[in-house]
Amino acid sequence: MKETYVGKSKVNGKGLYIGESTKKGEVIDYIHGDIHVFKSITPKISKMMMDWIGVGRYSWIDTSQSKFRFINHSCVPNVALVSKRKVIAIKNIPKNTELYLDYSLNEAEDGWSIKCACGTQKCRKIIGPIQTLPKATYSRYKKYIPKNFQRIFEMENE
Ligand SMILES: [Zn+2]
């Protein structure tokens with residue numbers, strides 16, 4: 001497990017930073033929090049879900065008691081949630097770098113979308129669930145995408 005800390009984000013409010021240099025493939029940490037299952041999303045639930053990260057089509061991990069609540073999205077991520085709780089580095093990350101997930105890799109809710117201002121050259125501007133990911137992006141990150149989300153993408157992009 002790596003040392004992480006919360007600091008001012010380069011893209012949005014607060015962000016999560018790595019406190020030590022980390023090599024590609026190394027485990028950053030495990031996300032602690034309850035897993036919630038909902039088959040349909042009401043506006044009330046949708047509000048609660050602000051700090052949740054998808055672990056299945058209808059299930060999410062509640063990060064509100066975890067530092068991962070502060071992790072921001074980038075269309076060029078440097079970490080990935082590769083199972084229900086395990087976050088790994090997907091590139092070599094220097095000490096004191098802000099960590100980013102690509103939220104689309106762990107979300108399958110139809111109609112979910114947010115505007116992105118990550119500022120990277122590969123920015124998709126509007127990000128949506130895994131099934132809306134461009135094929136090239138999917139292929140690039142496939143090995144870091146949990147199997148259940150791979151199946152959702154592949155079923156809907158045949
Ligand atoms: Zn972006």
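Any read-out appearing in this document is the output of simple, stated calculations on the displayed coordinates, not a laboratory observation. The structure displayed is predicted, hence computed values, not measured ones. Backbone-built Cβ (ideal geometry, glycine too); neighbour counts: all protein chains shown.
Over the chain, what is the relative contact order in whole percent, taking alpha-carbon pairs under 8 Å and six or more residues apart?
Details: 321 pairs, mean separation 37.6, N = 158.
For the chain, the relative contact order is 24 percent.
Which ³J(HN,Hα) values, rounded to whole Hz and listed in residue order, are derived for segment 57-74 from phi using the Karplus coefficients 6.51, -1.76 and 1.60 in 6.51 cos²θ - 1.76 cosθ + 1.60 with θ = phi - 60°, glycine and proline given as x?
4, 10, 9, 9, 9, 8, 9, 5, 9, 10, 4, 5, 4, 9, 6, 9, 8, 9
Treating only the Cβ of Lys, Arg, Asp and Glu as charged (+1, +1, -1, -1), what charge dipole size does the chain show about its Cα centre? Round to the nearest 20 debye. Don't skip to the end; give the middle numbers.
Details: 27 positive and 15 negative charges, 71 e Å.
Here the chain has a charge dipole of around 340 debye.
Please give the peptides 99-105, 150-156, 70-76 ranked by average Cβ packing (other Cβ atoms within 10 Å per residue), highest first, as a rough proxy for protection. All intermediate terms of the calculation are to be shown ahead of the outcome.
On the way: 99-105: 25.4, 150-156: 14.9, 70-76: 20.7.
Per-residue mean Cβ counts within 10 Å order the peptides as 99-105, 70-76, 150-156.
Order of 35-44, 78-87 by packing, highest average Cβ count within 10 Å first?
Working: 35-44: 10.5, 78-87: 20.1.
Ranked by mean Cβ neighbours within 10 Å, highest first: 78-87, 35-44.
Pick out, from Ser40, Tyr17, Asn78, the residue whose Cα sits farthest towards the positive end of the charge dipole of segment 8-87, with +1 on the Cβ of Lys and Arg and -1 on the Cβ of Asp and Glu.
Of the candidates, Ser40 comes out farthest on the positive side.
Can you compute the FRET efficiency between Tyr5 and Glu158 using 1/(1 + (r/R0)^6), with r the Cβ-Cβ distance and R0 = 35 Å? Round to the nearest 0.05. Provide the component values of the computation, followed by the final result.
Details: r = 43 Å, r/R0 = 1.23.
Efficiency computed from Cβ-Cβ geometry: 0.25.
Listed here are the pairs Lys23/Lys44; Lys115/Lys142; Lys67/Lys122; which of them are more than 31 Å apart at the Cα?
In this structure, Lys23/Lys44 lie more than 31 Å apart at Cα.
If you take every DSSP beta bridge fully contained in segment 29-158, what fraction is antiparallel? Give it as a percent rounded to 5. Walk me through the intermediate numbers first.
Details: 14 of 16 bridges.
Within segment 29-158, antiparallel bridges account for around 90 percent of the total.
Taking H as built 1.01 Å from N, whose amide H comes closer than 5 Å to the amide H of Ser9, not counting residues under 5 places away?
Result for Ser9 returns Lys14, Gly15.
Can you tell me which aspartates and glutamates have their Cα less than 15 Å from the Cα of Lys47? Leave out same-chain residues fewer than eight positions away.
Asp62, Glu109
With θ set to phi - 60°, apply the Karplus curve 6.51 cos²θ - 1.76 cosθ + 1.60 along segment 83-99 and write out the HN-Hα couplings as whole Hz, x wherever there is a Gly or Pro.
8, 4, 9, 8, 10, 10, 6, 10, 8, 5, 10, x, 3, 6, 9, 6, 9
Would you please classify the overall shape of segment 4-156 from the alpha carbon gyration tensor, given that a ≥ b ≥ c denote the square roots of the eigenvalues, rounded means a/c under 1.5, and beyond that prolate means a/b larger than b/c while oblate covers the rest?
Working: a/c = 1.44, a/b = 1.24, b/c = 1.16.
Since a/c stays below 1.5, the shape of segment 4-156 is classed as rounded.
By per-residue mean of other Cβ atoms within 10 Å, what is the highest-first order of 54-62, 140-148?
Values: 54-62: 19.4, 140-148: 15.2.
My ranking of the peptides, most packed first, is 54-62, 140-148.
For Ile28, enumerate residues with amide H under 5 Å from its amide H, sequence gap 5+ or separate chain, H modeled in the peptide plane.
Placed amide hydrogens put Val87, Ile88, Ala89 under 5 Å from Ile28.
Which loop GluC sites (Glu not before Pro) in segment 61-134, with loop taken from DSSP, have no more than 15 other Cβ atoms within 10 angstrom of their Cβ?
Details: sites: Glu98, Glu107, Glu109; in loops: Glu107, Glu109.
Qualifying residues, ordered by number: none.
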